[in-house]
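Below is one structure, written out as structure tokens; the observations come after it.
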Amino acid sequence: MNIADVDTPAVLIDLDRVEANLKRTQDYADAHGVRLRPHIKTHKLPRFAKRQMELGAIGITVQKLGEAEVMADAGITDIFLPYNIIGEAKLARLKALNERIPIRVTADSAETVAGLSEAFAGARKPLEVLVECDTGMGRCGVQSPQAAVELARVIAGSPGLSFAGLMTYPAAGKYAEAARWLAEGKRLLEEAGLPARIISNG
């Protein structure tokens, strides 16, 4: 078939280029000692998510609960959902998903944590929750390392939840600032007896 024969609209994927891109990204992470957890919103395809894990990714990141469910159905078993999940319907779906696979979420407010705890209190296994940190993007997240520690305490003391660490999506060009913010948060958490097992930085 010639490309001119393809009826439009159509999605065309250059598989050789995809493979090269996936491998280049994983090779970069490996060379720098970074545990890569790629965000699948760039492709949203289980086929490519699985290939990323075959190449060495430790899991995947998704944008919303529906994506997590689709990826879990496809056999992906380690998913990070960096989003505040609220509302009974979504919390019920999250709880069901947490029974099937390891999944982690973020929270940036005590209100979000309260909803998670209400849904997960008495669950067979706790939900792992990271504190989302605003390190300069000005979009979501707690506003200071001290606030991160305060919210970590709330998570750690909430039934059904387990504090897992810190997460940020840094502002473009402000990576050094994000690194300093997270380093201070890590230090304060250790002093508070709440070490961050995970520090996730976009």
| request: Identify all residues within the range 149-166 that are of a type in the set (Gly, Ala, Ser) and surrounded by 21 or more Cβ atoms within 10 Å (Cβ to Cβ); write none if there are none. | output: Ala152, Ser158, Ala164, Gly165
| query | With Val62, Val34, Val18, Val6 as the choices, which residue is of a type in the set (A, V, I, L, M) and open to solvent by 60 Å² or more (accessible area, probe 1.4 Å)? | reply | Val34
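For the range 120-148, give me the residue count where each residue is in a helix (DSSP H, G or I) and crowded, with 23+ Cβ neighbours inside 10 Å.
1
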| request: From Asn98, Asn84, grab the single residue that is under 30 Å from Arg124 (Cβ atoms), assigned to a loop (DSSP other than H, G, I, E, B) and in contact with a strand residue (DSSP E or B) (Cβ under 9 Å, 6 or more places away or on another chain). | output: Asn84
| request: Kindly list, by first and then second residue, each pair from a residue in the range 50-70 that is closer than 10 Å to Ile40 by Cα and outside any helix (DSSP H, G or I) to a residue that is at pLDDT below 95 and open to solvent by 50 Å² or more (accessible area, probe 1.4 Å), limited to pairs with Cβ atoms under 6 Å and residues at least 6 apart or on different chains. | output: Gln63/Lys41
| Of the residues Gly157, Gly185, Gly202, Gly193, which single one is under 19 Å from Thr61 (Cβ atoms) and either modelled with pLDDT of 95 or more or under 20 Å from the mean Cα position of the chain (by Cα) (or both)? | Gly202
| query | Quick one: in the range 44-58, which of the residues that are more than 16 Å from the chain's Cα centre (by Cα) and open to solvent by less than 50 Å² (accessible area, probe 1.4 Å) is nearest to Arg17 (Cα to Cα)? | reply | Phe48
| remark: For the range 147-182 the number of residues that are touching a helix residue (DSSP H, G or I) at 6+ places or on another chain (Cβ under 9 Å) and more than 18 Å from Thr106 (Cβ to Cβ) is 1
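The values are calculated or read from the model by the stated rules, or taken from the named source; none is laboratory data. These figures come from a predicted structure and were not determined experimentally. Glycine gets a Cβ as well: all are built from the backbone with ideal geometry, and neighbour counts include every protein chain shown. In case anyone asks, the SASA skips ligands and DNA or RNA and just uses the protein heavy atoms, side chains included. Shrake-Rupley method; radii C 1.70, N 1.55, O 1.52, S 1.80 Å.
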